[in-house]
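Enquirer: Sharing a structure, written as structure tokens. Questions coming.
The values are calculated or read from the model by the stated rules, or taken from the named source; none is laboratory data. In this text the structure is predicted, and so the values were computed from the model without any measurement. Please note: Cβ atoms are built from the backbone with ideal geometry, for glycine as well, and neighbour counts cover all protein chains shown.
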Amino acid sequence: MGFVDAANNDYALLPTSPYYGAASDGTNIGADIDSLNSYIANVLTGEWPSCAGIITGTNEPAREDRFVVFPNPANGMVQVHSSGKDTGGVISIMDPTGREVMRVDKLEQRTVIDLSSVEASFLLVRLADVQGNILGT
């Protein structure tokens, strides 16, 4: 690879590495090790002399939750409470692979779902409006 010192965990690329400056934008292929090292230099000490350049916010507007599922974790029955704007839509219960294992075709503001016929596992709940637009998972 042409690392500076892989035996001592220095994975910066040497200028002689075939990957040095070979990315389509002229930078090194892989992680920007110099920047990464500068950002994590004080992690173990907990001292941060400067946080300039570290993004901690977002430009996204605040949003209200579209729905809440409880109890979580659940054993048998769950309730889905939606904001009320989305009534009439569809609730899909999916297994970890994304396969739909149950469907409720009419979302109410408060919908109770009996999961006793579904194999116990990690499940995802997805809401869609009446047009089929995904509201959230």
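Enquirer: Can you tell me how many residues in the range 1-23 are under 14 Å from L36 (Cβ atoms) and either of a type in the set (D, E, K, R) or not in a loop (DSSP other than H, G, I, E, B) (or both)?
Expert: Initial filter on the range 1-23 (under 14 Å from L36 (Cβ atoms)): 3-4, 9-13.
So of that shortlist, the ones also either of a type in the set (D, E, K, R) or not in a loop (DSSP other than H, G, I, E, B) (or both) come out as 3-4, 10-13.
So the count comes out to 6.
Enquirer: Let me ask something else. Just give me the residues in the range 103-114 being over 16 Å from I134 (Cα atoms) and assigned to a strand (DSSP E or B), in sequence order.
Expert: R110, T111, V112, I113, D114
Enquirer: Anything in the range 99-137 that is within 11 Å of V80 (Cβ to Cβ) and at pLDDT 85 or above? List them, or say none.
Expert: Scanning the range 99-137 gives V104, R110, T111, V112, I113, V125, R126, L127.
Enquirer: Still on this structure, I have one more. Can you pull out the residues in the range 76-102 that are surrounded by 13 or more Cβ atoms within 10 Å (Cβ to Cβ) and over 14 Å from L135 (Cβ atoms)?
Expert: Correct list: V78, Q79, I93, M94, D95, V101, M102.
Enquirer: Restricting attention to the range 1-43, report how many residues are exposed (fewer than 10 other Cβ atoms within 10 Å of the Cβ) and of a type in the set (F, W, Y).
Expert: Count: 0.
Enquirer: Here is a follow-up. Go through D114, D105 for me and flag whichever is among the charged types (D, E, K, R), surrounded by fewer than 16 Cβ atoms within 10 Å (Cβ to Cβ) and either touching a residue at least 60 places away in the same chain (Cβ under 8 Å) or closer than 13 Å to V78 by Cβ (or both). Can you show your working first?
Expert: Working: D105 fails: either touching a residue at least 60 places away in the same chain (Cβ under 8 Å) or closer than 13 Å to V78 by Cβ (or both).
That would be D114, the only listed residue that is among the charged types (D, E, K, R), surrounded by fewer than 16 Cβ atoms within 10 Å (Cβ to Cβ) and either touching a residue at least 60 places away in the same chain (Cβ under 8 Å) or closer than 13 Å to V78 by Cβ (or both).
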